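Single-structure report; data block below.
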Amino acid sequence: MKSERLKSLDALRGFDMLWIIGGEFVIRNLAKATDWKVFNVLAQQTIHKSWEGFHFYDLIMPLFLFMVGMSIPFSFNKRISLGESRRTIYFHSFKRAVILFILGMVCQCNLLAIDPDDMFLIHDTLQAIAIGYFFSTLIYSTLKIKAQLIFTFGLVGIYWAIMQFVPVPGYEAGICTHEINPAKYIDKLVLGKFDDPTADYTWVLSSLGFVATVMTGVFASTIIRAEKIKMRFVHSQNSMIHKTVILAILGACMVTAGQVLNIWYPIIKRLWSASFILHSSGLSFLLISVFYYLIDVKGYQRWAFWLRVIGMNSIAVYMASYLFPFQKIGHIFIFGLEQYTGSFYPVLNSIVSLAFVYLIMYWMYKKKTFVKV
């Protein structure tokens with residue numbers, strides 16, 4: 001198990017990427033074309049919450065970070081088994097983090113504009129991953145599991161305490177509006193002219209949360225990788241069943257904890273608040289428990305093949321979604337059908353665009369071409 005690729009992780013990664021490369025447009029366009037209540041409700045879930053609260057679409061970024069954390073124990077232990085020194089592994093992790101950070105600048109920080117006046121330093125998921133991945137690698141490789149847990153939830157606690165009790169100059173403590181909150185204040189202070197004044201996402205102080213989110217993925221992976229694990233009330237000799245139950249229970253506990261903490265400090269993705277960390281990480285635990293049970297425990301793999309094709313090239317998919325207008329590319333091939341399909345043409349265009357991306361990923365999969373950094 002330790003040396004094998006976790007198929008459920010690849011499939012879950014593909015599920016996450018699906019909503020980045022066009023899955024959301026299919027749902028939204030179906031809602032517009034049919035005006036059916038079920039599609040209208042689903043369409044609402046494909047839009048980020050503007051501030052407080054949580055929609056399904058708000059899970060995409062933390063789930064991505066969570067899965068990066070899940071890959072750390074597999075990657076680190078494989079490199080150790082191959083005889084690589086810790087110094088080499090740390091250098092590789094740092095180099096990978098730098099590359100991810102730069103790619104993030106390409107996606108959302110206007111790096112390609114080559115204009116310092118129009119450039120931001122940090123404003124992308126890949127940069128959050130870079131920070132969380134590098135420091136989580138250090139934490140995982142230097143601390144025992146109990147110390148990892150203490151350190152991780154210590155980060156969550158410290159971040160919550162700062163946001164709750166440290167006031168922004170001129171205001172009372174605990175304020176968390178779009179413009180007035182400690183995390184936003186720190187961003188303006190540290191990033192200066194390279195801070196995006198139009199964005200209400202925060203990054204510098206929120207990095208404590210990015211690391212914590214990645215570490216929750218490390219914990220999920222540690223459970224799956226464990227040699228022997230057993231729960232007394234689970235009547236099965238299959239340790240993988242026990243692992244599934246543990247993942248699900250921990251997920252439910254974290255979702256509950258996030259909702260409880262939400263009473264004092266709300267779930268806000270744009271601040272990566274402590275309640276958001278617990279809530280989203282709990283949902284990520286629940287999702288991996290389902291995918292792990294169906295794919296790795298029960299062996300139902302055929303249904304998830306297409307998701308694995310996408311998930312095994314997640315970085316390529318992510319970059320392509322920002323660099324290429326797939327919705328417009330799809331229109332090139334089917335624009336003649338618009339006159340016959342009416343209000344359903346956007347639905348068709350979304351499906352064709354999504355299929356176009358998948359065919360590229362499938363071709364790369366068949367050629368065994370996997371983009372890694």
If a residue must be part of a helix (DSSP H, G or I) and farther than 23 Å from residue 110 by Cα, how many such residues does the range 172-206 contain?
1
Is it true that residue 314 is open to solvent by less than 70 Å² (accessible area, probe 1.4 Å), polar (S, T, N, Q) and within 20 Å of the chain's Cα centre (by Cα)?
yes
Can you say whether residue 213 is in a helix (DSSP H, G or I), open to solvent by less than 70 Å² (accessible area, probe 1.4 Å) and of a type in the set (Ser, Thr, Tyr), as far as the supplied structure shows?
yes
Collect the residues in the range 139-151 that are exposed (fewer than 13 other Cβ atoms within 10 Å of the Cβ) and either in contact (Cβ under 8 Å) with a residue 24 or more places away in the chain or aromatic (Phe, Trp, Tyr) (or both), keeping them in residue-number order.
145
Exactly one of (1) in contact (Cβ under 8 Å) with a residue 24 or more places away in the chain; (2) hydrophobic (A, V, I, L, M, F, W, C); (3) open to solvent by 40 Å² or more (accessible area, probe 1.4 Å) is unmet by residue 361. Its number?
(3)
Could you say whether any residue in the range 244-261 is farther than 30 Å from residue 7 by Cβ, of a type in the set (A, V, I, L, M, F, W, C) and surrounded by fewer than 16 Cβ atoms within 10 Å (Cβ to Cβ)?
yes
Candidate set: the range 116-133, residues that are acidic (Asp, Glu) and open to solvent by 10 Å² or more (accessible area, probe 1.4 Å); chosen: the one modelled with the lowest pLDDT:
117
Pull out all pairs, ordered by first then second residue, where Cβ-Cβ is under 6 Å, the residues are six or more apart or on different chains, the first lies in the range 270-291 and is open to solvent by 10 Å² or more (accessible area, probe 1.4 Å), and the second is outside any helix (DSSP H, G or I).
270/200; 270/201; 279/267
Answer yes or no as to whether residue 228 is touching a Pro at 6+ places or on another chain (Cβ under 9 Å) and either surrounded by fewer than 15 Cβ atoms within 10 Å (Cβ to Cβ) or among the basic types (Lys, Arg) (or both).
no
Taking the range 152-171 and the residues there that are free of Cβ contacts under 8 Å to residues at least 24 places away in the same chain and in a helix (DSSP H, G or I), the one that is most open to solvent (accessible area, probe 1.4 Å) would be 165
How many residues are under 25 Å from residue 93 (Cβ atoms) and among the β-branched types (Val, Ile, Thr) if we restrict to the range 140-196?
7
Looking at (1) part of a helix (DSSP H, G or I); (2) open to solvent by 30 Å² or more (accessible area, probe 1.4 Å); (3) not charged (D, E, K, R), can you tell me which one residue 136 breaks?
(2)
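The values are calculated or read from the model by the stated rules, or taken from the named source; none is laboratory data. Quick caveat: nothing in here was measured; it's all calculated off a predicted structure. Using ideal geometry, Cβ is built from the backbone for each residue, glycine included, and neighbour counts are taken over all protein chains shown. What goes into the accessible areas is simple: the full protein's heavy atoms, side chains included, and nothing from ligands, DNA or RNA. Shrake-Rupley method; radii C 1.70, N 1.55, O 1.52, S 1.80 Å.
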